[in-house]
């Protein structure tokens with residue numbers, strides 16, 4: 001499918017959660033056997049196939065299958081209670097769909113594991129299917145769908161096996177229902193067509209056929225779709241029990257703050273689950289204060305005595321002082337401007353003074369003049385008469401918030417794009433902290449406080465300000481500055497080598513790199529990140545790589561990779577190297593480098609034959625035909641010698657018309673003679689082809705290494721020179737072998 005057409009992953013997931021909400025709304029509020037109920041349940045069948053499809057896709061694309069399974073397990077556990085609250089009458093002890101999907105993911109992992117024997121795979125697969133049959137919410141159906149989507153090679157094959165699994169499941173259930181009506185082996189009292197709505201699963205196939213393979217824009221953060229599942233159960237449960245009269249206004253009020261506490265605990269867990277950074281640490285302190293604050297307020301709601309309210313207020317304000325002091329630390333970390341230590345000392349002292357006034361207030365009346373319980377409304381609420389300590393405490397906390405907002409605004413004006421994004425979230429979070437107080441002043445809550453609303457919003461904004469940057473404070477700031485100003489290619493990855501940022505130069509070198517996946521196994525970049533290579537050829541260019549760890553307080557948070565185009569540098573180095581080892585005229589090895597090559601073979605215990613070559617009557621060639629002719633003939637010999645590769649012959653020029661060579665691994669006299677005959681013949685034919693027939697010839701002396709006692713370059717060279725002299729005195733145009 002062409003890029004830009006069809007549905008991307010995010011769009012399909014949104015369709016899935018809308019379908020899921022429709023289905024669960026029908027379970028909670030609409031008669032199952034009514035036409036509307038049946039219609040809504042059929043509409044709700046889109047969810048499971050889409051989820052199963054992306055489990056198969058996720059298995060193919062994930063860089064860490066263990067982490068993927070662990071994440072599924074965590075959210076399956078988180079979803080147990082919300083799922084049970086909503087579905088306990090229908091499902092009993094059975095588990096939620098994330099549990100079913102996790103089983104399918106584990107099944108794929110087992111089946112694709114090359115280290116497991118076949119019998120082991122079969123036993124584990126049976127155990128997984130049995131687990132699904134016993135406690136799974138959908139009883140092996142999602143596992144079958146996942147297998148169909150994973151092992152189908154084409155979409156047509158995927159759809160075929162999916163339909164087979166769906167239809168077979170429905171037929172099996174119909175038969176089981178009929179048998180149950182006679183033998184009563186199950187407590188469910190269904191009619192035979194009860195599960196025919198499951199055929200609606202096939203309605204998802206046209207949507208999946210439109211999948212274009214694109215990720216789409218990030219919607220609600222990395223864990224949005226995971227968190228939406230238990231979250232929507234809680235909301236629907238509230239509506240369900242409120243409509244039925246099980247939930248009163250008071251219980252709804254209490255539930256709001258219980259949900260607030262749960263959300264904050266989830267945010268705290270997700271924060272702690274991230275990679276270590278100062279941003280993460282500061283957010284954890286903020287959330288710690290928030291948790292204490294909410295617990296204090298819940299104690300306040302539940303207290304029916306003045307003593308209980310007093311104790312709840314102490315806990316509540318303790319959390320509040322921790323929260324706003326931590327807010328200073330949080331903002332200082334995100335802006336890179338550390339607050340002086342004395343600021344935290346002052347905050348600690350002032351907070352302790354106010355807490356002391358609060359503890360002693362029933363005696364002194366300095367914080368609250370009077371503490372009691374008001375029973376005049378639909379449910380009790382604290383009765384508090386404010387004293388001077390309370391007003392000073394409000395001024396103190398409000399001053400921290402105002403200073404924080406002003407500081408954020410000032411930093412925002414000159415901040416980078418990343419810093420502006422963070423500061424905007426932080427600024428909004430500070431405002432949200434005071435939102436419940438502002439709502440209370442309007443009178444619409446009739447004096448009842450709703451801090452849970454502000455806490456949820458403020459905590460979420462603070463979390464996003466850190467989470468959107470991947471818990472990599474130093475990585476992102478350094479990466480952004482580099483991307484904005486560097487002329488070199490730059491990559492920024494986290495500790496799992498998942499791509500976070502890249503500049504345009506990188507895309508020009510490597511093309512579009514995969515996002516959300518580890519680059520540690522990337523064909524080109526993998527060896528670089530593994531420190532196996534520092535230089536790589538890409539096309540006709542040569543690139544050097546410099547990898548730099550990005551740390552915060554001695555803790556590595558990621559890596560920055562500098563990619564430098566060193567093509568011209570290496571060309572220059574290569575030219576210099578060639579000039580250092582080659583003869584300027586002929587291009588053959590010079591004497592020094594030729595000697596090094598031969599000595600290397602000798603030191604390695606390899607045999608060979610040293611040959612010395614001299615051109616006959618070469619002086620008269622220059623005298624009679626000019627040096628241009630002499631150079632042409634020298635080049636002719638160099639061309640012939642270069643025709644033998646280094647695997648056969650090292651070729652060098654000693655100087656003038658004297659050349660040398662080393663036949664590698666050849667000591668047999670007959671084989672030596674064949675090589676020398678070819679060399680002489682090729683030389684004379686080459687000289688004739690350039691118009692200088694019979695002006696010169698070659699005299700060659702050859703010494704096999706097994707014919708000398710002392711196997712050194714000096715000994716071979718000396719003996720070869722003697723044998724060459726023998727060839728020259730014997731009449732020239734010949735070779736002699738010792």
Qualifying helices (runs of 4 or more DSSP H) (wholly inside region 131-214; at least 3 residues being exposed (fewer than 15 other Cβ atoms within 10 Å of the Cβ)): 155-183
Examine region 267-285 for a residue that is within 30 Å of residue 378 (Cβ to Cβ) and either assigned by TED's automatic domain parsing to the domain that holds residue 450 or surrounded by fewer than 22 Cβ atoms within 10 Å (Cβ to Cβ) (or both), and state whether such a residue exists. no
Only helices (runs of 4 or more DSSP H) wholly contained in region 333-432 count here; list those with 3 or more residues that are surrounded by 19 or more Cβ atoms within 10 Å (Cβ to Cβ). 341-359, 388-414
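Okay, residues lined up against (1) at pLDDT 90 or above; (2) under 23 Å from residue 517 (Cα atoms); (3) crowded, with 18+ Cβ neighbours inside 10 Å:
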{"site": "64", "(1), (2), (3)": "no, yes, no"}
{"site": "67", "(1), (2), (3)": "no, yes, no"}
{"site": "75", "(1), (2), (3)": "yes, yes, yes"}
{"site": "81", "(1), (2), (3)": "no, no, no"}
{"site": "85", "(1), (2), (3)": "no, no, no"}
{"site": "102", "(1), (2), (3)": "yes, yes, yes"}
Can we say residue 556 is outside any helix (DSSP H, G or I) and at pLDDT below 80? yes
Return the only residue of 421, 380 being modelled with pLDDT under 80 and touching a strand residue (DSSP E or B) at 6+ places or on another chain (Cβ under 8 Å). 380
Criterion (over 60 Å from the mean Cα position of the chain (by Cα) and in a loop (DSSP other than H, G, I, E, B)) met by exactly one of 687, 723, 695, 703: 695
Restricting attention to region 39-55, the residues that are surrounded by fewer than 18 Cβ atoms within 10 Å (Cβ to Cβ) and touching a helix residue (DSSP H, G or I) at 6+ places or on another chain (Cβ under 6 Å) number exactly 1
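Can residue 681 be described as modelled with pLDDT of 80 or more and part of a helix (DSSP H, G or I)?
Yes; evaluated as a whole, the condition is true for this residue.
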Determine whether region 609-630 contains at least one residue that is more than 21 Å from residue 592 (Cα to Cα), modelled with pLDDT under 90 and in contact with a strand residue (DSSP E or B) (Cβ under 7 Å, 6 or more places away or on another chain). yes
With the first residue restricted to region 616-630 and required to be without any contact (Cβ under 8 Å) to a residue 40 or more places away in the chain, and the second required to be surrounded by fewer than 18 Cβ atoms within 10 Å (Cβ to Cβ) and part of a helix (DSSP H, G or I), Cβ contacts under 6 Å at 6 or more apart or on different chains are 630/622
Those residues of region 514-529 which are surrounded by fewer than 13 Cβ atoms within 10 Å (Cβ to Cβ) and either over 15 Å from the mean Cα position of the chain (by Cα) or at pLDDT 80 or above (or both), in sequence order: 523
Take the conditions out of contact with any helix residue (DSSP H, G or I) (no Cβ under 7 Å at 6 or more places or on another chain), in the same structural domain as residue 393 (by TED's automatic domain parsing) and part of a helix (DSSP H, G or I) and apply them to residue 324. Does it pass? no
Would you confirm, using the coordinates I've provided, whether residue 329 is surrounded by fewer than 21 Cβ atoms within 10 Å (Cβ to Cβ), modelled with pLDDT under 90 and out of contact with any helix residue (DSSP H, G or I) (no Cβ under 8 Å at 6 or more places or on another chain)? no
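The values are calculated or read from the model by the stated rules, or taken from the named source; none is laboratory data. Bear in mind that the values here come from a model prediction, so they are computed numbers and not experimental data. Using ideal geometry, Cβ is built from the backbone for each residue, glycine included, and neighbour counts are taken over all protein chains shown.
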